[in-house]
Each structure stands twice: as C-alpha cells, then as structure tokens.
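Trainee: Here's a structure for you.
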Amino acid sequence: MRLEPRPAPGMATLVLLPLGAILVTVLAASLLVLAAGASPLSVFGLVLKGAAGTQFALLETLTRATPLIFTGLAIAVAFRAKLWNIGAEAQLYAGAVATVVLGTGALPLPAPILVPLLMIAAVSAGALLLLGPAILKTRFGVDEVVTTLLLNFIMLLFVSMLLEGVLKDPMGLGWPQSQKLIAEARLPRIITGKRLHYGFVVAVFSAIVVWIIMKKTALGYEMRAVGHNPTAARFAGIPVNGVLLKTAILSGGLAALAGFSEVAGLKGNLTLDLSPGFGYSGIVVAMLAMLNPLGVVAAAIFVAGIFVGADAMSRTAGVPSYIANVMVATALLTMVTAIMLTRFKVRWR
Amino acid sequence: MMEAFEILFTASFWVAAIRIASPLIFATMGELICERAGVLNLGIEGIMAAGAFAGWFTVYSGGDLWTGVAVAAATGAAFGLLHATLTVPLGLSQHVVGIGVTLLATSITYFTYRLALPTVTSPPKIEPFQPLPIPVLSDIPILGEALFSQTPLTYLAFVTVAVVGWGLYRTPLGLAVRAAGENPAAVEAQGLSVTAIRIGAVMAGSALMAIGGAFLTMSAFNSFFFEMINGRGWICIALVVFGSWRPGKALLGAILFAAFDAYQIRLQQVTGGVVPYQLFLMLPYVLSILALVLVARRATYPKALMVPYQKGER
C-alpha cells in the first residue's frame with residue numbers, strides 16, 4: 001500500500017472521516033460495555049444524560065471543561081511549533097502552587113488587584129517550568145518529550161513535599177492539603193450556588209486571545225513556520241530557538257492557568273488530587289481540535305462531557321468509569337488517523 | 001557518614017539493585033529495538049502497565065507463572081501492532097500515537113482490573129517467582145549473591161540483553177533492523193520490506209516492555225495496583241539515549257541507575273527523616289534528566305528515527 005496526497009479533499013471526506021472516527025470510538029467502547037455485561041445503548045444513553053441531560057449535568061460538564069481548555073490550548077500552541085510539551089500536568093501544579101503561596105494571606109489586597117496578580121504569578125511559574133526543558137532542547141539538544149514527562153513526576157513529589165511541609169494546613173487534621181485561599185483571591189461563581197466559576201470565562205477568553213496570536217501576529221506565523229519546517233524557517237531568517245522559547249512561555253503559562261483556575265475557582269485549596277490527569281487529557285483535546293485554539297473549547301467540552309457522563313453512568317449502570325479514559329484515548333487515535341486520511345488517499349497497489 | 005558509605009559493600013544492596021534493574025532492562029531493550037528500527041515508541045509506559053496486569057491476572061486466574069509471562073508478552077505485542085500500524089504504513093506522528101497508545105493501554109488495563117475485581121479494597125496477591133540461587137556461583141561473596149540468587153525472570157533479563165546484542169549485530173535480521181533505522185531506502189534496495197521490519201521490531205520491542213511490566217507484578221511484588229509503573233517507561237527511554245542505542249551500554253546504564261535507586265532507599269533510612277523523603281524519591285527522575293543532558297551533545301540518533309518511510313519516495 002502507499003499514500004497519495006489528496007489535492008483538495010471534498011466536503012464529504014472532511015465530514016465523513018471524523019464521523020467515522022467517532023463511530024469507531026463508540027464501537028470500541030461498546031465492546032467493553034458488552035464485556036461488562038451491560039447494554040451499550042442504555043449505557044451511552046446514561047453517559048449522554050449525565051453529561052448534558054439536566055442543567056446540573058451541563059454546568060458540571062462546563063466546570064470540568066475549564067481546566068481542559070487551558071491545558072488543551074497549552075498543548076495546541078506547543079505542538080503547532082513542534083515543541084513536544086507533555087508536561088502540562090506539572091505546569092498546572094506549578095500554577096496552583098504559585099496561587100496558593102500568594103493567595104492564602106501573604107498579599108492582603110482587594111480582589112480586583114489580587115486576582116490578576118495571582119494569574120500573573122501562576123503564568124510565570126508555569127512558563128518558568130517549561131522554559132527549563134525548552135532551554136535544554138535549544139542549548140544542549142536534549143529531547144523535550146522525556147524531560148517534560150519526567151518533570152510531571154518530580155513536580156508531584158515537590159507538591160507532596162510542600163503539602164506535608166511549609167504549605168501544610170495546620171487545621172487540616174493531618175491531611176496533606178494547603179490552607180484555603182482568602183476570599184479576595186477566589187474567582188466568583190457564574191451562577192450563585194452552582195459550581196461553574198469565572199475560570200470558564202477566562203478560559204474561553206484565553207482561547208480567543210491565543211487564536212488571535214496564532215492567526216494574526218508575527219509570532220503566530222513564526223511558530224507555525226518553525227513547526228512546519230525548522231530548517232526552512234531558519235533560512236527565512238526566523239530565530240528558531242527564540243521562537244521555541246516564546247512558545248514555551250506561552251504554553252507553560254496557559255497550562256498553569258488551569259491550576260490557578262481549579263484552585264481559585266473550584267477547590268479553594270491545593271491537594272495532591274487537584275488534577276486527575278488534565279495535562280494528559282489536554283493532549284487529546286488539542287489533537288481533537290486539530291490544534292485550532294477555538295476548536296479547543298469545543299473539544300474540551302466534548303471530552304469533559306465524556307468524563308462527567310461516564311462518572312454519572314458508572315454510579316447507576318455499574319460499568320467502571322475508566323470507560324471514559326478508554327473512549328478519550330481511542331478518540332485520539334482514530335481522530336489523528338481520520339485527519340491524515342483527509343489529506344492522503346490509501347492506494348492498495 | 002560512614003554508614004552511608006558502608007551500604008555499598010552489603011550484598012543486600014546489590015541484590016536489590018539488580019532486582020530494581022530487571023524490569024528496566026527488559027523495557028529498555030524493547031525500546032532500543034523499536035528505535036533502532038526507526039520508531040520511537042512512547043507507548044512504553046502504558047504497555048508496561050498492560051503487561052503488568054495481563055501477567056498477574058493470568059496467574060491470579062489459575063495460570064502458570066510462565067504462561068503469565070507469555071500472556072503479558074502477547075498483550076504487549078498486540079499494543080505494539082496497534083502502534084506500528086498507525087506509525088509505520090500510515091506514517092502518523094510517533095509522538096502523538098505513542099502518547100495515545102499509553103493512554104489507551106493504561107485505561108483498558110484499569111477498566112479491566114475494575115471489571116474483574118469490582119469489590120476488592122486491598123489488591124489480591126499471587127505466588128510470585130521465587131529466587132533460584134545458582135549453585136556455586138551464588139556462593140561468591142557480594143557479586144555472586146547479587147547476580148546469581150535472583151528469580152528466573154532476572155536471569156531472563158540478562159539473557160535478553162545477550163540475545164538482543166547478538167541478534168542486532170551478528171545476524172542478517174539484526175542488520176536489516178538497524179538499516180531500517182539508519183537508511184531505509186537501502187533496505188528496500190535489498191528487496192526487503194521496511195514496513196514489515198519496522199512492524200516486527202515494534203511488536204517484539206513492545207512484548208519485551210510488557211514483560212518488564214510483568215516483572216513488577218510477578219517477581220518484584222505479588223500484586224497489581226494503579227500507577228505502579230510510575231514513570232519507569234519514560235526512564236527507560238532516557239536509558240536508551242544514555243546507552244547510545246547499544247544493548248551493552250544500556251544494560252550498564254540500567255544497573256547504574258538501579259544502584260542509585262537502591263542507594264537512595266537505604267540512604268533515606270540512614271538519614272532518619274531529617275530530609276523530606278520526597279527529595280529522595282525525586283532522585284531517579286532528576287538523574288534521568290541529568291543523564292540525558294550529559295550525553296545529549298554526543299548522542300548519535302539512528303538517522304531515520306521518527307522519519308516515516310514511503311516506498312519509492314526520496
């Protein structure tokens with residue numbers, strides 16, 4: 001077999017192939033549901049209901065989508081420049097640590113000053129954390145995939161050390177958790193009494209800003225050029241290393257905002273289970289969105305819906321909620337295949 | 001201070017180091033085969049988890065220990081086939097597919113565990129591989145004990161290194177695998193299929209990764225628990241780079257690394273809680289990054305690593 005470029009994919013191809021990807025994902029998940037002794041139709045019905053069936057479900061999905069938008073954007077900008085940042089999880093925690101260090105009373109400021117200040121602190125922490133691997137890449141040629149992956153583990157241990165040490169809440173009954181943020185440091189709820197908070201608004205706003213950066217600015221153009229062909233970019237006079245470092249700052253900062261928003265908007269304090277793998281799911285979100293910043297918002301809501309829906313489903317149907325992780329991983333693989341097939345045609349001989 | 005130094009001369013320390021090295025040796029050899037054929041396999045972390053569970057569950061359901069190893073290897077090869085299908089003939093990004101395979105293998109593993117054992121609170125145990133001291137050799141002080149009073153799976157790890165080294169450098173197949181990672185067009189000119197060689201290498205390599213995972217549940221410990229791979233797969237990718245893609249050097253790297261790991265565990269006890277234990281637990285990861293930085297400048301990657309090959313294309 002060989003691959004031939006499609007000169008101009010037709011509308012049918014562009015619509016049918018991603019639909020096929022989703023179909024394959026659902027079929028694969030159905031097999032697991034059957035293995036669990038349940039009926040796929042009723043299970044997927046429950047997932048859908050749990051994700052979007054009620055106002056509560058829908059708000060819960062948007063709440064879960066918030067950190068995924070941030071990590072999805074972080075991955076989208078990094079992968080666009082072919083900076084393989086697999087460390088969004090660590091950058092998320094860096095942002096959360098910065099938020100907690102400054103937001104639990106160290107800076108007694110009014111909310112309109114404190115909240116932006118915390119965001120800047122979080123962004124700086126995340127950006128710095130990714131700058132390390134980025135500099136190792138540009139200066140020493142160290143592959144950033146492994147360094148960013150390993151930093152995830154180092155960061156979690158670092159957070160664990162802080163939570164059992166200097167950041168430990170003295171009133172926490174021995175649990176490894178930080179103190180609560182002061183009221184001025186919290187992001188308000190969008191609807192009183194519901195969990196959805198203004199972090200979601202910040203996330204959508206960030207997506208628009210990132211879209212403008214990628215599409216309308218010189219930096220965005222340079223990032224795409226570096227990602228497409230670094231050698232050609234260099235010959236065109238683009239400072240490739242400089243662009244990679246700027247990408248790292250942007251990507252690390254975005255991932256850190258996920259940590260800020262989870263702490264300041266939802267949880268109020270820092271614990272070791274702040275993120276159930278938002279950094280890794282961000283990779284799926286970014287790929288499903290084909291690295292388009294606005295698409296990230298839709299993809300994040302879709303992925304969040306699967307997780308929230310599966311949680312609700314597993315409580316009633318008895319199918320393990322890990323089915324959500326399986327579906328999300330399958331969707332990643334089928335979607336990258338579908339995207340490839342929109343650009344190439346497979347010829348058997 | 002003396003205490004910290006004396007650790008190095010105890011047999012138990014070196015026995016532990018070799019034990020810690022064993023799963024890394026399997027998985028590092030697996031990754032090395034994939035990369036020598038030109039495919040970066042980031043599915044390693046998930047494939048190790050799948051192997052750890054598949055092997056353990058086979059024995060838990062009444063299978064023989066060696067059947068467990070075989071089932072783990074077959075599970076690994078299946079995920080390898082998935083990875084290779086997407087990255088070799090279809091030429092998809094090896095980074096994205098690798099992460100995808102890790103996420104998929106891990107989540108299917110956890111799903112199956114929860115499905116098979118819905119109610120357990122503490123992980124059930126199996127009767128794992130027992131140490132099998134080799135007569136005479138295991139009587140040699142320290143070195144003999146460390147190398148020759150291990151479980152059969154550890155011996156298999158060392159045999160694997162020898163077979164991989166011999167196979168890669170002394171057989172026509174090994175030459176073809178190495179050429180597929182350096183100059184695939186030359187392989188094609190010999191009338192061999194680069195696609196077939198790469199798919200085969202990724203499947204074989206993934207089988208070894210899975211056996212590495214199974215070592216944890218069937219030899220080092222006796223039960224399966226979530227997140228037990230704990231970054232070992234990523235560390236193995238660093239070890240392949242550190243070992244300059246050579247089986248012998250990679251073996252030395254794995255043992256050196258495991259010795260540091262075994263040392264930090266013992267040092268923790270000597271320092272008696274003055275230093276936060278998390279700092280010790282960070283050491284393996286920090287060490288891996290340092291190792292990468294040290295060798296990065298003179299690393300000679302297989303030339304066609306991560307370069308998809310299309311027949312007839314230049």
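The values are calculated or read from the model by the stated rules, or taken from the named source; none is laboratory data. Source: prediction; values computed, not measured. Every residue, glycine as well, gets a Cβ built from its backbone with ideal geometry; the counts of neighbours run over all protein chains shown. The protein model used for the area step is the full one, side chains on, heavy atoms only, and it has no ligands, DNA or RNA in it. Shrake-Rupley method; radii C 1.70, N 1.55, O 1.52, S 1.80 Å.
Trainee: Restricting to the range A:107-155, what's the tally of residues that are within 24 Å of residue B:43 (Cβ to Cβ) and of a type in the set (Phe, Trp, Tyr)?
Mentor: Selection size over the range A:107-155: 1.
Trainee: If you don't mind, there's one more thing I want to ask. Looking at residue A:69, is it touching a His at 6+ places or on another chain (Cβ under 9 Å), closer than 30 Å to residue A:134 by Cβ and β-branched (Val, Ile, Thr)? Before you say what the answer is, go through the steps one by one.
Mentor: Numbers: touching a His at 6+ places or on another chain (Cβ under 9 Å): no; closer than 30 Å to residue A:134 by Cβ: yes; β-branched (Val, Ile, Thr): yes.
So residue A:69 fails the test.
Trainee: Continuing with the same structure: Which count do you get for residues in the range A:27-45 that are closer than 22 Å to residue B:116 by Cα, part of a helix (DSSP H, G or I), open to solvent by less than 70 Å² (accessible area, probe 1.4 Å) and more than 14 Å from chain B (Cβ to nearest Cβ)?
Mentor: Residues flagged as closer than 22 Å to residue B:116 by Cα, part of a helix (DSSP H, G or I), open to solvent by less than 70 Å² (accessible area, probe 1.4 Å) and more than 14 Å from chain B (Cβ to nearest Cβ) within the range A:27-45 amount to 3.
Trainee: Being within 14 Å of chain A (Cβ to nearest Cβ) and part of a helix (DSSP H, G or I) narrows it down to one residue among B:52, B:84; which is it?
Mentor: Values: B:52 fails: within 14 Å of chain A (Cβ to nearest Cβ).
Within the list B:52, B:84, the selection yields B:84.
Trainee: Considering every residue within the range B:182-203, establish whether at least one is open to solvent by less than 10 Å² (accessible area, probe 1.4 Å), over 18 Å from residue B:37 (Cβ atoms) and in a helix (DSSP H, G or I).
Mentor: no
Trainee: Restricting attention to helices (runs of 4 or more DSSP H) lying wholly within the range A:60-179, give those where 2 or more residues are among the charged types (D, E, K, R) and within 11 Å of another protein chain (Cβ to nearest Cβ). Quick ask: steps written out before the conclusion?
Mentor: Working: elements: A:88-103, A:111-140, A:144-164.
Output list reads A:111-140, A:144-164.
Trainee: Follow-up. Picking from B:266, B:232, which residue would you name as being in contact (Cβ under 8 Å) with a residue 60 or more places away in the chain, open to solvent by 20 Å² or more (accessible area, probe 1.4 Å) and over 30 Å from residue B:120 (Cα atoms)?
Mentor: Numbers: B:232 fails: over 30 Å from residue B:120 (Cα atoms).
None of the others qualify; the one that does is B:266.
Trainee: Could you go through the range B:285-304 and let me know if any residue there is surrounded by fewer than 15 Cβ atoms within 10 Å (Cβ to Cβ) and more than 13 Å from every other protein chain (Cβ to nearest Cβ).
Mentor: Within the range B:285-304, one or more residues are surrounded by fewer than 15 Cβ atoms within 10 Å (Cβ to Cβ) and more than 13 Å from every other protein chain (Cβ to nearest Cβ).
Trainee: Regarding residue B:103, is this residue at pLDDT 95 or above, closer than 26 Å to residue B:245 by Cα, within 14 Å of chain A (Cβ to nearest Cβ) and crowded, with 18+ Cβ neighbours inside 10 Å? Outline the logic, then answer.
Mentor: Numbers: at pLDDT 95 or above: yes; closer than 26 Å to residue B:245 by Cα: yes; within 14 Å of chain A (Cβ to nearest Cβ): yes; crowded, with 18+ Cβ neighbours inside 10 Å: yes.
When the stated conditions are applied, residue B:103 passes them.
Trainee: Restricting attention to the range A:340-349, which residues are open to solvent by less than 40 Å² (accessible area, probe 1.4 Å) and either at pLDDT 95 or above or more than 9 Å from chain B (Cβ to nearest Cβ) (or both)?
Mentor: A:342
Trainee: If you go through the range A:265-291, how many residues are over 13 Å from the mean Cα position of the chain (by Cα) and either under 16 Å from residue A:153 (Cβ atoms) or open to solvent by 10 Å² or more (accessible area, probe 1.4 Å) (or both)?
Mentor: Adding up the residues that qualify gives 8.
Trainee: Inside the range B:31-49, can you point out the residues that are outside any loop (DSSP other than H, G, I, E, B) and of a type in the set (Val, Ile, Thr)?
Mentor: Passing the criteria: B:33, B:44, B:47.
Trainee: I would also like to ask the following. For a quick check of your reading of the model, give me the residue pairs whose first member lies in the range A:22-44 and is closer than 15 Å to residue A:316 by Cβ and in contact (Cβ under 8 Å) with a residue 24 or more places away in the chain, whose second is in a loop (DSSP other than H, G, I, E, B) and open to solvent by less than 40 Å² (accessible area, probe 1.4 Å), with beta-carbon atoms closer than 9 Å and at least 6 apart or on different chains.
Mentor: Pairs found: A:33/A:319; A:36/A:319; A:36/A:320; A:38/A:319; A:43/A:36; A:43/A:319.
Trainee: Could you please let me know if residue B:242 is within 30 Å of residue B:162 (Cβ to Cβ) and within 14 Å of chain A (Cβ to nearest Cβ)? Write out each step before concluding.
Mentor: On the way: within 30 Å of residue B:162 (Cβ to Cβ): yes; within 14 Å of chain A (Cβ to nearest Cβ): yes.
Yes.
Trainee: Exactly one condition in (1) more than 21 Å from residue B:229 (Cβ to Cβ); (2) more than 19 Å from the chain's Cα centre (by Cα); (3) modelled with pLDDT of 90 or more; (4) not in a loop (DSSP other than H, G, I, E, B) is false for residue B:138; which is it?
Mentor: (3)
Trainee: So how many residues does the range B:60-92 have that are over 22 Å from the mean Cα position of the chain (by Cα) and of a type outside the set (A, V, I, L, M)?
Mentor: Summing the residues that are over 22 Å from the mean Cα position of the chain (by Cα) and of a type outside the set (A, V, I, L, M) in the range B:60-92 gives 7.
Trainee: Name the single residue that is farthest from residue A:280 (Cα to Cα) among those in the range A:306-336 being more than 7 Å from chain B (Cβ to nearest Cβ) and part of a loop (DSSP other than H, G, I, E, B).
Mentor: Looking at residues that are more than 7 Å from chain B (Cβ to nearest Cβ) and part of a loop (DSSP other than H, G, I, E, B), I get A:318.
Trainee: Does the range B:225-235 include one or more residues that are more than 14 Å from chain A (Cβ to nearest Cβ) and under 27 Å from residue B:97 (Cα atoms)?
Mentor: At the first step, the residues of the range B:225-235 found to be more than 14 Å from chain A (Cβ to nearest Cβ) are B:225.
Checking which are under 27 Å from residue B:97 (Cα atoms) leaves us with B:225.
Within the range B:225-235, one or more residues are more than 14 Å from chain A (Cβ to nearest Cβ) and under 27 Å from residue B:97 (Cα atoms).
This table checks each residue for (1) under 22 Å from residue B:56 (Cα atoms); (2) of a type in the set (Ser, Thr, Tyr); (3) in contact (Cβ under 8 Å) with a residue 12 or more places away in the chain.
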| site | (1), (2), (3) |
| --- | --- |
| B:121 | yes, yes, no |
| B:124 | yes, no, yes |
| B:131 | yes, no, yes |
| B:137 | no, no, no |
| B:142 | no, no, yes |
| B:147 | no, no, yes |
| B:157 | yes, no, yes |
| B:160 | yes, yes, yes |
| B:167 | no, no, no |
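Trainee: Let me ask something additional. Select from the range B:107-132 the residues that are more than 7 Å from chain A (Cβ to nearest Cβ), open to solvent by 30 Å² or more (accessible area, probe 1.4 Å) and within 24 Å of the chain's Cα centre (by Cα) and list them in ascending order.
Mentor: Just the residues of the range B:107-132 that are more than 7 Å from chain A (Cβ to nearest Cβ), to begin with: B:109, B:112-113, B:116-132.
Checking which are open to solvent by 30 Å² or more (accessible area, probe 1.4 Å) leaves us with B:112, B:116, B:118-123, B:125, B:127, B:130-132.
Correct list: B:112, B:123, B:125, B:127, B:130, B:131, B:132.
Trainee: Which count do you get for residues in the range B:177-219 that are among the hydroxyl-bearing types (Ser, Thr, Tyr) and farther than 26 Å from residue B:54 by Cβ?
Mentor: Narrowing the range B:177-219 to residues among the hydroxyl-bearing types (Ser, Thr, Tyr): B:193, B:195, B:206, B:217, B:219.
Now restrict to residues that are farther than 26 Å from residue B:54 by Cβ: B:193, B:195.
So the answer is 2.
Trainee: Mind telling me which of the residues A:220, A:132, A:174 ends up being open to solvent by 40 Å² or more (accessible area, probe 1.4 Å) and among the small types (Gly, Ala, Ser)? Don't jump to the end; show me each part of the working.
Mentor: Details: A:220 fails: open to solvent by 40 Å² or more (accessible area, probe 1.4 Å); A:132 fails: open to solvent by 40 Å² or more (accessible area, probe 1.4 Å).
Matching residue, one of A:220, A:132, A:174: A:174.
Trainee: Among the listed residues B:217, B:271, identify the single one that is closer than 30 Å to residue B:10 by Cα, open to solvent by less than 20 Å² (accessible area, probe 1.4 Å) and away from every other protein chain (no Cβ under 13 Å). Give the steps one after another, and end with the answer.
Mentor: Working: B:271 fails: open to solvent by less than 20 Å² (accessible area, probe 1.4 Å).
Going through B:217, B:271 in turn, the sole match is B:217.
Trainee: Checking residue A:191 against (1) of a type in the set (Val, Ile, Thr); (2) within 14 Å of chain B (Cβ to nearest Cβ); (3) open to solvent by 40 Å² or more (accessible area, probe 1.4 Å); (4) within 28 Å of residue A:73 (Cβ to Cβ): exactly one of these is not met. Which one?
Mentor: Unmet for residue A:191, out of (1) of a type in the set (Val, Ile, Thr); (2) within 14 Å of chain B (Cβ to nearest Cβ); (3) open to solvent by 40 Å² or more (accessible area, probe 1.4 Å); (4) within 28 Å of residue A:73 (Cβ to Cβ): (2).
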